[in-house]
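The values are calculated or read from the model by the stated rules, or taken from the named source; none is laboratory data. Quantities reported herein were computed from a predicted structural model and do not represent experimental measurements. Backbone-built Cβ (ideal geometry, glycine too); neighbour counts: all protein chains shown.
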Amino acid sequence: MSTMDNLKDAFAGESQANRKYLAFAKKADEEGFEQAAKLFRAAAAAETVHAHSHLKVMGGINSTKENLQEAIEGETHEYTKMYPEMIMEAEKEGESKAVRSFDLANKVESIHASLYQKALDHLDNNESVDYYVCQICGNTVENSAPDKCHICGAPESMFTKID
């Protein structure tokens with residue numbers, strides 16, 4: 001394996017650890033274990049530092065225009081190829097929970113691709129837009145949370161404004 005392969009693996013591992021530790025922190029908060037939650041969030045922040053360092057060394061952070069183009073390509077791949085294939089496999093295996101998880105993500109990835117394209121198209125005017133994310137399915141909307149999520153049906157209260 002090359003150093004570049006190792007950097008890619010380390011980036012993936014650190015990124016996954018960050019997400020996992022944030023999920024663990026949320027669960028610890030729900031169970032009333034504030035100190036454990038705080039430690040999980042601290043470790044998640046450290047894993048983010050590591051992941052960003054590895055990505056930078058790989059040359060994976062470019063201009064905002066290039067980063068938006070890469071994000072469009074990645075999201076488009078996810079909703080046109082990756083998730084449809086995963087959904088088909090999960091359906092064959094009768095894994096209904098996985099089908100639902102993949103399907104919700106798939107629907108949202110196309111929204112992300114569109115939002116990235118819109119941001120790229122309007123990059124020079126730098127207008128301020130608020131974004132809200134559904135905490136059930138990840139649906140991402142502009143300007144204000146809807147009364148009901150059009151992806152999963154969650155109420156407005158399940159949307160979080162992103163700063």
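Here LEU22 passes the criteria (1) among the hydrophobic types (A, V, I, L, M, F, W, C); (2) in the same structural domain as ASP121 (by TED's automatic domain parsing); (3) closer than 23 Å to CYS152 by Cβ except the one numbered (2).
Scanning the range 58-69 for residues that are more than 20 Å from ASN126 (Cβ to Cβ) and surrounded by 14 or more Cβ atoms within 10 Å (Cβ to Cβ) yields MET58, GLY60. Which one is nearest to the chain's Cα centre (by Cα) among residues in the range 122-156 that are loosely packed, with under 11 Cβ neighbours inside 10 Å, part of a loop (DSSP other than H, G, I, E, B) and at negative phi? Among those that are loosely packed, with under 11 Cβ neighbours inside 10 Å, part of a loop (DSSP other than H, G, I, E, B) and at negative phi, it is VAL129.
Here is a yes/no grid of residues against (1) in contact with a helix residue (DSSP H, G or I) (Cβ under 6 Å, 6 or more places away or on another chain); (2) assigned by TED's automatic domain parsing to the domain that holds LYS92:
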| position | (1), (2) |
| --- | --- |
| SER110 | yes, yes |
| TYR132 | no, no |
| ILE151 | yes, no |
| PHE159 | no, no |
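Report whether or not LEU104 is touching a residue at least 24 places away in the same chain (Cβ under 8 Å), in a helix (DSSP H, G or I) and surrounded by 15 or more Cβ atoms within 10 Å (Cβ to Cβ). Taking the combined requirement at face value, the residue satisfies it. Here is a check on your reading of the model: is PRO84 within 19 Å of the chain's Cα centre (by Cα) and either at pLDDT below 95 or of a type outside the set (Phe, Trp, Tyr) (or both)? The answer is yes for PRO84.
Kindly establish whether GLU109 is closer than 22 Å to CYS149 by Cα, among the acidic types (Asp, Glu) and at pLDDT 95 or above. Yes: the conditions hold for GLU109.
Only one entry of GLU30, GLU34, GLU75, GLU70 meets the criterion of being under 21 Å from ALA113 (Cβ atoms) and without any contact (Cβ under 8 Å) to a residue 24 or more places away in the chain, and that entry is GLU70.
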